[in-house]
Amino acid sequence: MIVTTKKLFELAYGKYAIGAYNINNLEQAMGLFRGCLDSKAPFIIQISKGARTYTEKRMLEAIIRAADQVFPESIFAVHLDHGDEAACMECIASGIYSSVMIDASHEPFDKNIATTKKVVDAAHAKGIVVEAELGQLGGVEEHVQVDEKNANLTDPKQAKEFVTRSGCDSLAVAIGTSHGAYKFTGSQGLHFDVLTEIQKRLPKFPLVMHGSSSVPQEEVERINKAGGALKGAKGVNENEFARAATLGVTKVNIDTDGRLVWTRVHREFFRDKPEKFDLRDPGKIFMGEYAKFIVHKNEKLGSAGKLDEIRKAIAK
Ligand code: G3H
Ligand code: 13P
Ligand code: ZN
């Protein structure tokens, strides 16, 4: 069942975080739904601009609609990840999205607010909620590159003003993470000090943590052993999700880890079975492995086992 992102946030805030998983294809969708049902977890399925243009945006929307029928017990929201104004307006009109992210974080403060507010006005008119971003993550995004050392963490004072003036419903905050497989060097990690200050100024307001893949070292080693060359890849400590959730992080974005599972499965498969060429063989393995990965993540996020209480709360 597709539900509003707002409802999921209300039920989870301060207690646990909801996993927001990026999908690009059928196999990821199958693994995601299976894994969330196996762990009895609500979730957010999110589609980036890149995912929408990978094939054709209606393909992914159709996959999600079909998955809703194939897995009728599931409870989830559908979200546009890192949209610009045009993508947000398209998704608001599409009829399947529960929420959109307007990412104008590369713009000056006032312009970010103005663009966000435009999207908020259009989205709220249709009952859709809006995630905005303030501050810049390190690492590489589609449209902007920021060195980690120059990463511009979210300023807690600005965060309050930003939310008040833009009317956004949740805020992606930069607290030390970055997109991709190379997040940290040495002992760097999440900036809980900044997060604490943001929550003080925005109590009960859902915060979003992008760049939250944990880049499991075992996964990286297996990929490298099977011919990969991922040197020095490092992610977020997944044991820190629970603390982040108590400080207001209600949505945790995970994409890279799923790509690593895909890469490991396919590299190992073709290394071990060079005579094979049926794409469904590694595809089946991937769906099962991705589902297992999702179960593990939902346990770390605290969303595992919450499906029944969410179902009851929604039915009220
Ligand atoms: O934040 C970015 C997400 O990982 C989506 O990545 O733009 O390559 O689809 P993408
Ligand atoms: P990762 O690259 O850490 O998976 O982050 C994904 C993300 O933030 C999607 O918006
Ligand atoms: Zn992101």
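Where a number appears in this text, it was derived from the coordinates with a stated rule and is not lab data. If you're wondering where the values come from, they're calculated on a predicted model, not measured in any experiment. Cβ placement follows ideal geometry from the backbone for every residue including glycine, while neighbour counts extend to all protein chains displayed.
If the Kirkwood radius is taken over C-alpha pairs of the chain, then at 20 °C and 1.002 mPa s the Stokes-Einstein diffusion coefficient equals 109 µm²/s.
Taking 18 Å as the straight-line reach from the Cα of Lys117, the aspartates and glutamates in range (excluding those fewer than 8 positions away in the same chain) are Asp81, Asp84, Glu85, Glu90, Asp103, Glu107, Glu131, Glu133, Glu161, Asp169.
The lysines whose alpha-carbon is closer than 16 Å to the alpha-carbon of Lys234, local same-chain residues fewer than 8 away aside, are Lys149, Lys183. Only one residue of Tyr290, Pro156, Phe71 has its Cα farthest out toward the positive end of the dipole of the chain, where Lys and Arg carry +1 and Asp and Glu -1 on Cβ, and that residue is Phe71.
Enclosing the Cα atoms of the stretch 248-307 in their convex hull gives a volume equal to 87 cubic angstrom per residue. For Ala12, the shell of other residues with beta-carbons less than 9 Å away shows a net charge of +2, using +1 for Lys and Arg and -1 for Asp and Glu. The reciprocal of the average 1/r between distinct C-alpha atoms defines the Kirkwood hydrodynamic radius, which for the stretch 163-313 equals 17.3 Å.
Estimated purely from DSSP H runs of n ≥ 4, each contributing -39500 (n - 2.57), the mean residue ellipticity at 222 nm for the chain is -14500 deg cm²/dmol once divided by its residues.
Look at the dipole of the stretch 207-316 built from charges on Cβ: of Ile254, Val220, Gly235, the Cα furthest out on the positive end belongs to Ile254. Temperature 4 °C, viscosity 1.567 mPa s: under these conditions the Stokes-Einstein estimate for the stretch 1-49, based on its Kirkwood radius over C-alpha pairs, is 111 µm² per second.
The alpha carbon centroids of the stretch 256-316 and the stretch 168-226 are separated by 21 Å. Distance from the alpha carbon centroid of the stretch 91-143 to that of the stretch 39-76 works out to 20 angstrom. Here the chain is assigned +1 on the Cβ of each Lys and Arg and -1 on the Cβ of each Asp and Glu. Its dipole about the Cα centre then comes out at about 600 debye. A simple spin-label model places pseudo-atoms 7 Å from Cα toward Cβ; at Ala313 and Gln69 they are separated by 3.0 nm. For the stretch 160-174, the residues whose amide N sits under 15 Å from a probe point set 7 Å from the Cα of Ala114 along the beta carbon direction are 166. Using r as the Cβ-Cβ distance of Lys234 and Asp38, and R0 as 35 Å, what FRET efficiency do you calculate, to the nearest 0.05? The value I calculate is 0.80.
Once divided by 2.2 N^0.38 Å, the Cα radius of gyration of the stretch 161-245 becomes 1.32. Against the main long axis of the alpha-carbon atoms of the chain, helix 156-166 sits at an angle near 80°.
Ranked by the mean number of other Cβ atoms within 10 Å of their residues, highest first, the peptides 10-17, 55-62, 95-102, 129-136 fall in the order 129-136, 95-102, 10-17, 55-62.
Using R0 = 41 Å, the C-beta based FRET efficiency linking Lys157 and Lys225 works out to 0.30.
Extending 7 Å from the Cα toward the beta-carbon at both Met59 and His106 defines two label points whose distance is 2.5 nm. In plain terms, the chain from Asp193 to Thr246 could stretch by 17.7 nm, reckoned as 0.36 nm per residue minus the Cα-Cα distance. Considering only the Cα atoms of the stretch 1-134, their convex hull presents on average a projected area of 8.0 nm².
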